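Questions regarding the structure given below will be posed in turn.
The values are calculated or read from the model by the stated rules, or taken from the named source; none is laboratory data. For clarity, every value in this text was computed on a predicted model and none was experimentally measured. All Cβ positions, even for glycine, are placed from backbone atoms using ideal geometry, and neighbour counts span all protein chains on display.
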Amino acid sequence: MQLTFPDGKKKTYDAPITPLAIAKAISSSLAKKTVAAFLDDTLYDLNRPIDRDGAIRLITESDDEAFEILNHSSAHLMAQAIKRLYPNAQFGVGPAIEEGFYYDVALDESLKEDDLLKIENQMRKLVKENHEMIRQEVSREAALTFFKDDFYKTTLIEAIPEGDAITLYRQGDFVDLCRGGHIGFTGKIKHFKLLSLAGAYFRGDSSGPMMQRIYGTAWFSKDALDAHLSMLEERKERDHRKLGKELKMFMLNSEVGQGLATWLPNGYAVRKVLEDYVYDQERKAGYLHVSTPVLGTKHLYETSGHWDHYQENMFPPMEKDDETFVLRPMSCPHHMKIFQSDLRSYRDLPLRYAEIVTQHRYEASGALTGLERVRAMTLTDAHIFVRPDQIKEEVINAYELIETAIADLGLEIAYIEFATRDDSKSKFHDNDRLWNLAETILEDVLKDAEIPYKKVPGEAAFYGPKIDFQVKTVLGHMITMSTIQLDFLLPERFDLNYINASGEKERPVVIHRGYISTFERLMSILLEQYKGAFPTWLAPVQAIVIPVNQAVHGEHAKALKQHLIDLGYRVNVDQRDEKLGYKIRDAQTQKIPYQLVIGDQEMAEDQVTYRQYGSSDQHTVSTAEFEALLAADVARKSRPQ
RNA sequence: GCCGGAAUAGCUCAGAUGGUAGAGCAACUGACUUGUAAUCAGUAGGUCACGGGUUCGACUCCUGUUUCCGGCACCA
């Protein structure tokens, strides 16, 4: 039997031979680090015998695939430990995930935090016992017979497509249904920790049973595990809810209402900068700003179709004077009425309406998370009315506007999701011709613009396909930042039209454009991104003036503060009768970008001594120089210096 | 909405087995008059989330509710 290595070398072996044996033959240190192997494109467990020719690649601890294999095996190890402690336990799925693994368990008793330690200790025992994890291919019938009393596993087996191999993995007394790859021996799993308990629906079906999910993480070295755990701690420090409280940005008060955020002065200062930014960018890009009410009649939303398709996400209707009103969850219907308010010519198009507006959506209570998921949100919402021949250009314009904003905010587009419909007809507007046309145009735009994208069938809006701009936050969450949605349906429902060149009525197409998410969600992202230390253009307080001696320099400091405020900056002065060190410390704690110290020399020479957040360097410059520096800092927004 | 956990001063947190609460920071007052991350002293601050129950007595035990946290489901 001949195996070809990645460097092209061929070696001959007596079949069968395991990846472990192959690695051992090369060196014992390689064997230690080897986790599994690829034979051509098939993943082989460390101990799965290879009995045919092919291209072999040994996977070692440093390879990307290794972490996944280790964690997948750790999930099995945990299941084995649970089975020992709770013989009646049944299992759902137990995959490796980005930062570790989980396993879903069905148990009569509910697990407690303390139980995680018990399970962890049992896992360590099993590691010491060093069970071999043996792969076995079985027939569907054999698998079903083996798991005949296990509702979860039989359901999973039945879901495996006909013709696919069904494999079992045995380690000691524990057997699990699994497609593999595994690390071969439980003894290879050394550095792990169980992290949390959660509920999870079996197969993600909220009408089905709920299982107990245990999350854990496994690494190849103690250092790597420790580094991961301290990273998890650091993440908590970055949590926008914690930072938002510390920096007095916003509050969520149960008496105000669940999911209803209150912006405090600091938070609103940041939001106002963002509002002004989007308004100005839109103005330059030819958008026309409008303002429409927070309430609308139920009839309006029946016309748009939201009442039928979106009702469960809306607050219940209210009645007054024989009229039924709803709190608007979106702006589209209002903007449709604006388009309709006048006779439109083909020469008027594209018409771009934008509005900074508050909307209310009834989000499930369990979904609410700080500012990330709220029930009242403010955003800039735009609807662009175009002729069919203008679609492509306007989609590209919107794309560019969004791209610029994301860069100005110091964020990055991770990828773009192209959401199309799938076969579940009831979820989507029933018009094949329009759907196919809409999807074709959007995909053409994506292709022509050479934008990398990922197609996600079934994720479209009910009125049409869309592209979503996904941003990865510093905490690793993927968040939809912006969206461009094509809509052939609402113009039809509202019977919108314009007069074309031949004097005939024609139907416009609507592009829904979400710009930079909602101000609430954006605030949460930015707080976490900058760990509360906002770049100068966004900072709620951009500079604080600190007199060395309040009695001597206080008046001058106050005047300097007012001078900078008059120039358009957000500036405070610390007039407390405290020592300089105390006031500096306080300013650093508040993460104010510039601290301006005023003493005898500065007062006499019209200078400031500034110090930036996070640095202990001091620079003495003339007030004019400092103003120029501040202006340049604000102008570059969040882009790198 | 579902599973599990939590809720003590403005903030961060202590408070064994039931005997009505403490610290640090912040606030306020006074002294100090300050040159780059905490000057000293004093004062005030709490329906222990809310409602019911058990008990001679509940922050503590039971129970219901609310909100928050970790997930799941949801997320135009």
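For residue A:226, indicate whether it is of a type in the set (D, E, K, R) and under 26 Å from residue A:537 (Cα atoms).
So residue A:226 does not fit the description; no.
So which strands (runs of 3 or more DSSP E) are wholly in the range A:567-641 and hold at least 3 residues that are away from RNA strand B (no atom under 11 Å from the Cβ)?
Details: elements: A:571-573, A:594-598, A:607-612, A:619-622.
So the answer is A:571-573.
Still on this structure: Restricting attention to helices (runs of 4 or more DSSP H) lying wholly within the range A:223-342, give those where 2 or more residues are of a type in the set (A, V, I, L, M).
The helices (runs of 4 or more DSSP H) meeting that bar are A:265-284, A:332-340.
Of the residues A:127, A:93, A:138, which single one is within 16 Å of RNA strand B (Cβ to nearest atom) and of a type in the set (Val, Ile, Thr)?
On inspection, the qualifying residue turns out to be A:93.
Looking only at the range A:593-615, which residues are within 18 Å of residue A:574 (Cβ to Cβ) and either aliphatic (A, V, I, L, M) or loosely packed, with under 13 Cβ neighbours inside 10 Å (or both)?
A:596, A:597, A:598, A:600, A:603, A:608
For residues that are more than 11 Å from RNA strand B (Cβ to nearest atom) and within 25 Å of residue A:373 (Cα to Cα), scanning just the range A:221-242, find the one that is surrounded by the most Cβ atoms within 10 Å (Cβ to Cβ).
A:238
Condition check: surrounded by 15 or more Cβ atoms within 10 Å (Cβ to Cβ) and either within 28 Å of residue A:527 (Cβ to Cβ) or not hydrophobic (A, V, I, L, M, F, W, C) (or both). Does residue A:570 satisfy that?
Against the criterion (surrounded by 15 or more Cβ atoms within 10 Å (Cβ to Cβ) and either within 28 Å of residue A:527 (Cβ to Cβ) or not hydrophobic (A, V, I, L, M, F, W, C) (or both)), residue A:570 qualifies.
Condition first: away from RNA strand B (no atom under 16 Å from the Cβ), modelled with pLDDT under 95, in a loop (DSSP other than H, G, I, E, B) and within 21 Å of residue A:115 (Cβ to Cβ). Can you find one or more residues in the range A:173-187 that meet it?
Yes.
Only one of A:155, A:167 is polar (S, T, N, Q), outside any strand (DSSP E or B) and more than 11 Å from RNA strand B (Cβ to nearest atom); which?
On the way: A:167 fails: outside any strand (DSSP E or B).
Residue meeting the stated conditions: A:155.
Same structure again: Give me the residue from the range A:90-134 that is within 34 Å of the chain's Cα centre (by Cα) and basic (Lys, Arg) and, out of that set, surrounded by the most Cβ atoms within 10 Å (Cβ to Cβ).
Here the answer is A:118.
Let me ask something additional. When you scan the range A:421-458, how many residues do you find that are of a type in the set (D, E, K, R) and out of contact with any helix residue (DSSP H, G or I) (no Cβ under 9 Å at 6 or more places or on another chain)?
The qualifying residues number 11.
Would you mind stating whether residue A:218 is surrounded by 15 or more Cβ atoms within 10 Å (Cβ to Cβ), in a strand (DSSP E or B) and either of a type in the set (Val, Ile, Thr) or assigned by TED's automatic domain parsing to the domain that holds residue A:82 (or both)?
Yes.
Further question: Which condition from (1) more than 13 Å from RNA strand B (Cβ to nearest atom); (2) crowded, with 17+ Cβ neighbours inside 10 Å; (3) not hydroxyl-bearing (Ser, Thr, Tyr) is the one that residue A:326 breaks?
Here residue A:326 clears every test but (1).
Right, another one. Here are A:476, A:458, A:503: which of them is on the phi > 0 side of the Ramachandran plot, more than 19 Å from the chain's Cα centre (by Cα) and within 12 Å of RNA strand B (Cβ to nearest atom)?
Within the list A:476, A:458, A:503, the selection yields A:458.
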